[in-house]
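Since the structure comes first, as structure tokens, the remarks are kept for the end.
Nothing in this text is a laboratory measurement; each read-out follows from the coordinates by a stated rule. This one's a predicted model, so the numbers in the text were calculated from it and none came from an experiment. Note: ideal-geometry Cβ built from the backbone for every residue, glycine included; neighbour counts use all protein chains shown.
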Amino acid sequence: MGKLVNSFRYALDGLAHALVTQRNMRIHFVAAFAVVALCTLIRVSTPEIVAALFSVTLVIALELVNTAVEHVTDLLTTEWHSAAKVAKDVAAAAVFIAAVNALTVAYLIFYDKLSPVLWRDPRTLMRPPFMGVILLALLCLIVAVVAYAVAGVRKGRLRRKGR
């Protein structure tokens, strides 16, 4: 059981590291929080919520891969190399494509619900499939990961770039 707990801790440390050191990851987290909050407050269907969550998750996952590629590339070579540039550029392009997709999905989901705002009936949040519980849990998870990252910086476990 200890190995399983450690593997989750290592994953959380990696996420926290990216959140602390990567400006774009912080932007993605703010966007993710905004999307989940909108899905909680505005009348959005379950398939629309699934599309929004998948899009946001894809962007964050690819940003993590991009961060890993950058670190491994920097570890392997300190000099400029065309292959290193290609690796970093391709990883960044993957994030860019996912982000454009996420913006497109968000536009398609929210454009007709924000003018005028179609507020969700709070009672629907507690009906099956209990979307309110799921969305509020995701908001709490986002806040918890940010708090974990901030605590890691304060305790010296994580360092910001260049410090």
Could you tell me whether the stretch 47-163 comes out rounded, prolate or oblate from its Cα gyration tensor? Rule is a ≥ b ≥ c as square roots of the eigenvalues, rounded for a/c under 1.5, then prolate if a/b exceeds b/c, otherwise oblate. oblate
The set of residues whose placed amide H lies less than 5 Å from the amide H of I42, leaving out same-chain residues fewer than 5 positions away, is R120
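If you wrap a convex hull around the C-alpha atoms of the stretch 1-109 and split its volume per residue, what is the figure in Å³? Intermediate values should be presented prior to the final figure.
Values: hull volume 13.6 nm³, N = 109.
With only Cα atoms used, the stretch 1-109 gives 125 Å³ per residue.
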Which whole-Hz couplings ³J(HN,Hα) result when phi for each residue of the stretch 90-97 is put into the Karplus expression 6.51 cos²θ - 1.76 cosθ + 1.60, θ = phi - 60°, listed in order with x for Gly and Pro? 5, 4, 5, 5, 4, 5, 4, 4
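I'd like the trypsin sites (Lys or Arg not before Pro) in the stretch 3-70 restricted to DSSP loop residues with at most 14 other Cβ atoms within 10 Å, sorted by number.
Numbers: sites: K3, R9, R23, R26, R43; in loops: R43.
Answer by residue number: R43.
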Relative contact order as a percentage, the stretch 12-91, C-alpha pairs under 8 Å and 6+ apart, gives 30 percent
Please build a GNM for the chain, connecting alpha carbons under 10 Å apart, and tell me which residue among I142, I109, I97 fluctuates the most. I97
Using a cut-off of 13 Å between beta-carbons, work out the net charge of the residues near A91 (Lys and Arg +1, Asp and Glu -1, A91 not included). -2
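Can you figure out the FRET efficiency of I97 with L141, using R₀ = 25 Å and their beta-carbon distance, to the nearest 0.05?
Values: r = 25 Å, r/R0 = 1.00.
The computed FRET efficiency comes out at 0.50.
If r is the Cβ-Cβ distance from A83 to D13 and R0 is 35 Å, what FRET efficiency results, to the nearest 0.05?
0.75
Once you keep just the Cα pairs under 8 angstrom separated by 6 or more residues, what percentage relative contact order results for the chain? Don't jump to the answer; show the numbers that get you there.
Working: 123 pairs, mean separation 63.6, N = 163.
Normalised by residue count, the contact order of the chain is 39 percent.
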The stretch 13-20 - phi-based ³J(HN,Hα) in whole Hz, Karplus 6.51/-1.76/1.60, Gly and Pro as x: 4, x, 5, 5, 4, 5, 5, 6
Would you please classify the overall shape of the stretch 26-67 from the alpha carbon gyration tensor, given that a ≥ b ≥ c denote the square roots of the eigenvalues, rounded means a/c under 1.5, and beyond that prolate means a/b larger than b/c while oblate covers the rest? oblate
